[in-house]
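Novice: There's a structure below that I have some questions on.
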Amino acid sequence: MIPYKPERILVQKESWQDTVTSEILGRLPDVEVRTVKDSEIRPMEPSAVSTVQSRNKNTLVLMRYPGSFLKRCQGSGADTCCNYYVVSCVWNCHLDCTYCVLQSYLSSRALIVCTNFEDLINEVRETLANSPKRIFRIGTGELADSLAQDPITGFSRRLVSFFAGLANGFLELKTKSDCIANLEGLDHRGHTIVSWSVNSKRICRTEEEKAPTLEKRLAAALQCQKWGYKLGFHFDPLIYYDGWERDYREAVKEIFHTLDPDRVVWVSLGALRFPPHLIDYVKERFPESKIPYGEFIPGHHGKLRYFRPIREEMYRNMISWILAEAPRVTVYLCMESFPVWKNSFGRESCSATFVRDQLDKAVCSR
Amino acid sequence: MLFDMICKEISIEEIDLTNETFRISEEIVSAPLRMSMREVGQLNPVLLLEGKHTYRLICGFRRLYALRQLSASHVFARIVEERDRDLSGIFNLAFWDNLSHRQLDPLEKARALYKLRNNFGVSNNVIIKNYLPLMDLSPHKQVLHIYNMMHTSNQGLRNRFKAGHLTLSSMEYLAAMPASSQASIASGLEGIRLSAGLQKKFFSLLRDLAAKNGIEPEVPFKDPEVLSILNDAGLSPFQRGEKVFALLYRWRYPRLTQAEERFFERKKSLELPGSIRIVPAPYFEVPDLRVEFNAPDAERFREMAAELFEASQTPELDGLFKVI
Ligand code: SF4
């Protein structure tokens, strides 16, 4: 994997007060730093952040985010949602997967790191304390890869230690990277799940070119398993192409032959979906990619997704291959409707609470 | 500004009519202009560049053509001498003259931009900054690139564009293709007409099929099914266009179109009257069906409910819920 190394760093004036800022700058001693005024950074919602100089990912912006960090996952609103929460303190990613929704979602191409990390911690602490009976599964991988920029931010060490002390909170670090060094030696107390977004080797090679290979991701997962972490896997996005069955089946086997299936708390499946305008970005930025030419239809939230029988065919097969290798693992679908759950799992019980309870049970019991 | 302006009558024979260095007009035949000349004669002089032995026409291609059609032997002209300015400066005269009294059509814009760059050595930056806005085009490199390609595009496509059979965005898309693809598509398009609304979808299907299957965009036009539509004399050009579009759509979305066809067949087998509409969920995303009918009175309501009840007793109804 190509490590992230910015060419310049823009620091919002307010951010100088945060220790995160000095830590990050300490890790990048030879990079040009410039302080920018608030007016040059409009710290509103991630989708609206733009900076004058942030035309490319070689710019790292350190800024304070005044909004709320903790949000419900975008899947809420789908028929069957797993009731997941996200906190985003890094926005953007340098791995440039062809299908990545961030390329159209974020208006800035710079990598943005929110330095008021204490606010995030306080917000999570308060929210969880207000609902002590409820289990919170919280991930950091919505607007960035959870670990790809961790060598620079060092956020994982703070988060893992913080969640270790939360009775009802579980952290999921979702990544395609192999940047796990910061996770070594932490007293995580089983409250962190390190999960990998995985794909068939062909898709890793053609659509996730800058991310580590499947083998490297699994080697990193094996290391985390040795450090006692719970593991998760996300086949997301599942991409349909001639020969997908052979390739994905092989990937499933490779995962469960490398790792102890009993340490895997969940595997999610999500067929490729994206906002319609992303297609044009992909065609322009990655003319070799075949992704835009699937049989897509407009679905939930206006996103394009594969025609239902294609999704169901993929899910049905994946579920059977996964359960054949790891019968006790919890498999769930991301952002899918009741009929798709029913046709994929062949059972009726797939309500939102059923899925939430299954996942809560999985995370607490392993 | 024109210095040392000389105006005189010149014999048309002294003008090199084959030299089109400064021509911008796409169409030089103008019936209204010919009529006007016949009625009141030439009102405005043409602009000529004086050469050693002949004159070159700078502005007034249509006027001169009309005069020739009227068998005139002389033309009233202003004469520019080459020493007055360089060739790009002279082309500027033609450019401004055209711009001052009419809107250039897209092919004329393409011709002018192409000449500025390739014949008169004006840099891309100057063209983008100074000339594109004058033509109501956005000052972007890509726009210049597209217009340059349009100028050199296939003549058949240009003709279809001039005839109004292709929209500007279709033309832009087609002009970016290799010459061989343009030629094949131009001949494929000969037998069909596509409404402006359908063109965008049609060409986007062609592009997607090419990218998906790693083929040249004109390949579908060589398919036997497409050829048989193109050769079907019983269809109008618009009908052929729609049929070819439907075929491309089926190739691009095979499973969806199969489901749609199955649904249509099974619905037909229920033999319900046309006034009862059965509509699937959009793209069959959920299996639900919507049943609609209008009943002006209770009797009609009963009749239709009875029809529906009868249909509900047939095994064909189950098939309607299992099209995918
Ligand atoms: S790793 Fe994730 S966040 Fe990064 S580019 Fe790929 S899909 Fe986007």
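Novice: Is it the case that some residue within the stretch A:138-149 is part of a strand (DSSP E or B) and either acidic (Asp, Glu) or away from the ligand (no atom under 16 Å from the Cβ) (or both)?
Specialist: If we filter the stretch A:138-149 for residues that are part of a strand (DSSP E or B), which is where we start, we get A:138-139.
Adding the requirement that they be either acidic (Asp, Glu) or away from the ligand (no atom under 16 Å from the Cβ) (or both) leaves A:138.
Looking for residues that are part of a strand (DSSP E or B) and either acidic (Asp, Glu) or away from the ligand (no atom under 16 Å from the Cβ) (or both), one finds at least one in the stretch A:138-149, hence yes.
Novice: Next question. What is the number of the single condition among (1) open to solvent by 10 Å² or more (accessible area, probe 1.4 Å); (2) over 17 Å from the mean Cα position of the chain (by Cα); (3) within 16 Å of the ligand (Cβ to nearest atom) that A:Ser200 does not meet?
Specialist: (1)
Novice: Another question, if that's okay. Among the numbered criteria (1) open to solvent by 20 Å² or more (accessible area, probe 1.4 Å); (2) within 13 Å of the ligand (Cβ to nearest atom); (3) at pLDDT below 95, which one does A:Lys176 miss?
Specialist: Unmet condition: (3).
Novice: Condition first: of a type outside the set (Gly, Ala, Ser), open to solvent by 10 Å² or more (accessible area, probe 1.4 Å) and within 16 Å of the ligand (Cβ to nearest atom). Now tell me which residues in the stretch A:103-128 satisfy that.
Specialist: A:Gln103, A:Tyr105, A:Leu106, A:Arg109
Novice: Could you tell me whether any residue of the stretch A:183-195 is open to solvent by 20 Å² or more (accessible area, probe 1.4 Å), away from the ligand (no atom under 12 Å from the Cβ) and on the phi > 0 side of the Ramachandran plot?
Specialist: Yes, the stretch A:183-195 contains at least one residue that is open to solvent by 20 Å² or more (accessible area, probe 1.4 Å), away from the ligand (no atom under 12 Å from the Cβ) and on the phi > 0 side of the Ramachandran plot.
Novice: Also, quick follow-up: Within the stretch A:86-102, restricting attention to residues that are in contact (Cβ under 8 Å) with a residue 60 or more places away in the chain and assigned to a loop (DSSP other than H, G, I, E, B), which residue is farthest from the ligand (Cβ to nearest atom)?
Specialist: The residue in question is A:Cys89.
Novice: Sticking with this one: Regarding A:Val61, is this residue at pLDDT below 95, assigned to a strand (DSSP E or B) and crowded, with 18+ Cβ neighbours inside 10 Å? Talk me through it step by step, then tell me what you get.
Specialist: Details: at pLDDT below 95: yes; assigned to a strand (DSSP E or B): yes; crowded, with 18+ Cβ neighbours inside 10 Å: yes.
Here the answer is yes, as A:Val61 does meet what is asked.
Novice: Are any residues in the stretch B:279-290 among the aliphatic types (A, V, I, L, M) and more than 8 Å from chain A (Cβ to nearest Cβ), and if so, which ones?
Specialist: Passing the criteria: B:Val279, B:Ala281, B:Leu289.
Novice: Working only within the stretch A:150-173, note down all residues that are within 16 Å of the ligand (Cβ to nearest atom) and without any contact (Cβ under 8 Å) to a residue 40 or more places away in the chain. Can you show your working first?
Specialist: Taking the stretch A:150-173 and keeping what is within 16 Å of the ligand (Cβ to nearest atom), we get A:150-153, A:155-156, A:172-173.
Passing the criteria: A:Asp150, A:Ser156, A:Leu173.
Novice: If you check A:Arg217 against the conditions, is it in a helix (DSSP H, G or I) and buried (at least 24 other Cβ atoms within 10 Å of the Cβ)?
Specialist: Judged against the criteria, A:Arg217 is a match.
Novice: Here is a further query. From the list B:Phe293, B:Phe309, which one is free of Cβ contacts under 8 Å to residues at least 12 places away in the same chain and more than 14 Å from chain A (Cβ to nearest Cβ)?
Specialist: B:Phe309
The values are calculated or read from the model by the stated rules, or taken from the named source; none is laboratory data. Everything quoted here is computed from the prediction, not taken from an experiment. When we count neighbours, we look across all protein chains shown, and the Cβ atoms used for this are built from the backbone with ideal geometry, even at glycine. Please note that ligands, DNA and RNA were not included when accessible areas were found on the heavy atoms of the full protein model with its side chains. Shrake-Rupley method; radii C 1.70, N 1.55, O 1.52, S 1.80 Å.
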